[in-house]
Structure formats: structure tokens, C-alpha cells
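Reading through the C-alpha cells given below for one structure.
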Amino acid sequence: METINKINSRLKNKDSLLAAGIIFLIGAAASAIFNYLYHLFMGRMLGPLEYGILGSLFALIYIATFSTSAFNLSISKFSAELTGKQNLGAFKYLIRKSLAYTSFAGAVILVLYLISIPFIANFMNVEDYIGFVLVGLIGYLTLISAVLTGALNGTQKFIWQNSSGVASNFFKFAFAVILVYLGFGVNGALIAILIGLIICIGLALYPFISSLKNVRAEHFNSGKIPTYLLFAFFASVIPILLITLDQVLVKHYFSSTDAGYYVAAGMIAKVIWFGSGFLVGPLFPKVASLYSQGKDTSKILIKALIYTILLVIVGCAAYYIMPIFIVSMLYGSEYIEAVPPLIGLFGVGIAMFSINQIMITYNLAIERKSFIWIFILAILAEVAGIFLFHNTLEEVIKIFFAVNCFTLVAMLFYNRKEIFNL
């Protein structure tokens, strides 16, 4: 543990974005491997019909996960401020109160969600309610996990943060294979996620239990937290709706089999997002730190954009050069006819979202808020577009591409001063 602490202290250097990014790259790569092993095995073991149901439930999980990002970002921001001032007593108080409040608030939200399950299930044409209940429990544990990983991020304990994520994804994959093999189906795949989250929470707690054991909690003025939390909530949830609502709408308008093909294409496309997003984690605390000191933040934004653009170009090229090989390798023969034509344009749409995520993170760190209207307009356009044009999966993907193209151009214009010095 002492070695890990020494490495973490070096990563706090303001010029260590790439070094910290490599930690996140390794963590993201390992998590991506287990995530895609999970989806690869689930796609093959469940088949297109049940995998389509799992994929539609995953759209709800993504929404829940990114709803908790507000807590993650808020805790990260204030953890960075307090530990930067060596105020460990206030930091301990922050963690305690945050866990208490989020546990209570999460329980209230969970009850409201459980009440709404019949309406959601009816809209998504799913008869079994158990999967929706499991999704609610996943959302609740994700909220608890978000507080702890936010604290790890804010204190720049990047190794612990990534280790807990990798462990969660490994056990999710391992238990999913076992439970689905034993006949638990879609519900087994979801129970495995719960197991992974419990392990993640345990690992994320460990470094704080040891380091804060002899520290006395001290009250501090936390009046700024609710305001920032509300802003971070909308800024985290609204953009992610852009890449999740399409799956919910496809499940509504198309058969479960077609929805399964769409989910498979979307998961392959999201490899670009997962693979290029390793700079988002270290970018936020580093930009927030520079901004709080009144220092220039544009250079670190430009670096992050350049690295991300180079990575997404490689990913998009692969999808156009060898789509059949990629689909057959990941999902097998059942998907080979329907999915390969979908992944190229889908991948480009996700690539544009990946670039946008860098700018979203940057604007969150400097507390700039008005960019959210860009994504609200894009979501309205996406929903309207899919409502009007949903004859084929290709039409849906063209709409997905168009709205992400719009948001990229708009965000580049929004951050033109930092990026282009205009």
C-alpha cells in the first residue's frame, strides 16, 4: 500500500495528465476487456431475443449510472479542494455525510422507481418485472459506489479508483457466465452486476478506512455542494441520454430480435467510447485545480482533445475496413448478416460523442453551465427523428449520427476561445 501511495502522490503533479491517463488507460482497457467478454458471452449464451431484452435494460442502467455521475463529480471536486488544503478532518466529514445522504436519497428514488416499473415495462414490451427490480438495485449500489470513487478521484488515488473498477467488471463477467450457464438467463446477467458492485464498494472503502482511521471528522461549510450537485446532475445525465434513448426507442418500435442486433452494433460502436475515454478521469480534477488557482486551462484541454481524436480515428477506420471480422469475432454467426452494415456510421457517431465528452468534462470542471442547452436540443431532435423515421435500423443510426455531428460542431464553437483562440 505504501508503494501505491507514493505513485499516487506523483500523479498529482499538474503536468502528469498523460501519466495519470496511462493509469486510466490500463484500467479502462482491463475493464473494457471484461465488459466485452461479458457482452460477448451474454450475446452468445442468451441469443438475439434475450440479449435484446438485456440490452434494453442496460439502457436504463446507463441512465442510472450517469445520473450518479453528479455525485461522483461533486465529491471529486470538493475532495480535491479539502485535501489540497490538508483539511483531512473536513474530508472525513464529507465522506460520512455524503454516504448517509446518498443512502437515504437513493432509497427514496428506488421506491419511486419500483412503483413505476409496470409503466416502464409496458412501454418497452417486457413482461418480466424481475429484471427491472434488479436494475433498480444496481442503480442504488451505483450511487453508493459513485461517492467513494469520486473521493478517490478527487484525492487523485487513481490506482485505487481503477483497481476497484477492474475488479467489479471482472467479477461481473465471471458470475454472469456462471449464473446464465446455470439457467438464470437475463436475471443472472443482472445479478452478476450487483455482485461486482458490492466488491467495488469494498475495495473503494479500504484506502480511506486505513488513512482516515485516526482522523477526527470536522464540520465545514458545505453550502456550495447542493448547488454544484444539481448542476452536475443535469450536465451528466442529459448528454448520456443522447446515446441511450435510442436503444429504448428501438426496443419500443422494433422486435426484440432487431433490438438485439441494434444493441450488439451499439456495444461494438461503444468500444470507441470506452477505449478513448481514459483521459476523462484525470482531466476533471486537474482542470478544476488549475481553474481554482486562476491558471490557464486551455492547454490541457487541447492535449486531451488531440489524444482522443487520434484514438477515435483508428477505431472508426477499423469498423469500415473489417466490419464482418469484428462482428463475427465478438458476437458470432447469429449476428453476421444484420450487424456489420450498422457499425461503421454508428462508430463515427460514438466517436463524436467521445470527443464531446472531453469538452463536457472540461466545462464541468470550470463550472460553465450553458453548454447543456446544446444537448437538450440534440435529444429533442433525436427523439423526434426516431419517432418520425424508424422504418429500418439504418434510419435510426443515421439520426443518431446527425445529432452527434450537430453537438460536436456546437461544442467546438462553444469552446472556440480555448481551442481556437477565437
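Between I306 and R96, full extension at 0.36 nm per residue minus the direct alpha carbon distance yields a gain of 71.7 nm.
Nearest 10 degrees is fine. How inclined is helix 393-414 to the longest principal axis of the chain, computing both from alpha carbons? Result, in degrees: 30. Fewest neighbouring Cβ atoms within 10 Å first, the residues D128, D246 line up as D128, D246. Please report the base-10 log of the normalised intensity I(q)/I(0) for region 368-422, using a Debye sum with one equal scatterer per alpha carbon and no solvent, at each q in 0.25 (1/Å). For region 368-422 at q = 0.25 Å⁻¹, log10 I(q)/I(0) is -0.92. What is the distance, in nm, between label points placed 7 Å from the Cα along the Cα-to-Cβ direction at T227 and at V215? For the pair T227/V215, the computed spacing is 2.6 nm. Secondary-structure-derived ellipticity at 222 nm for the chain, considering helices only, amounts to -29000 deg cm²/dmol, per-run term -39500 (n - 2.57) for DSSP H runs with n ≥ 4.
Along each principal axis, taking the top coordinate minus the bottom one, the Cα set of region 162-299 gives 53, 37, 28 Å in descending order.
Taking trypsin sites (Lys or Arg not before Pro) across region 151-243, the ones in a DSSP loop with at most 11 further Cβ atoms lying within 10 angstrom of their Cβ are K213, R216.
Near E218, the amide H atoms lying under 5 Å from its own belong to A90, K92, Y93; only residues 5 or more places off or on other chains count, and H is placed 1.01 Å from N. For region 97-157, the equivalent ellipsoid built from the Cα gyration tensor has semi-axes of 29, 13, 7 Å, listed from largest to smallest. Rounded to the nearest 10 degrees, the angle from helix 256-276 to the longest Cα principal axis of the chain is 30 degrees.
Axis of helix 224-241 versus longest Cα principal axis of the chain: the two differ by about 20°, to the nearest ten degrees. Once the Cβ-Cβ distance of S116 and H252 is raised to the sixth power relative to R0 = 22 Å, the FRET efficiency obtained is 0.85. Grouping the Cα pair distances of region 140-229 into 5 Å bins from zero gives a pair-distance distribution of 3, 13, 18, 18, 16, 13, 8, 6, 4, 2, 0 percent in increasing distance order. Counting only Cα atoms, region 88-194 measures 50, 31, 17 Å along its principal axes, largest extent leading. Considering every alpha-carbon pair of region 12-91, the percent of pairs per 5 Å bin, from zero through the bin containing the longest distance, is 3, 11, 11, 15, 18, 14, 11, 8, 6, 3, 1. For the residue pairs K97/K157; K270/K417; K172/K270, the alpha carbons lie more than 24 Å apart in K270/K417.
Read-outs throughout are calculated quantities, based only on the coordinates presented, and are distinct from any laboratory measurement. Note that the coordinates shown come from a computational prediction; the quantities given were computed from them, not determined experimentally. Note: ideal-geometry Cβ built from the backbone for every residue, glycine included; neighbour counts use all protein chains shown.
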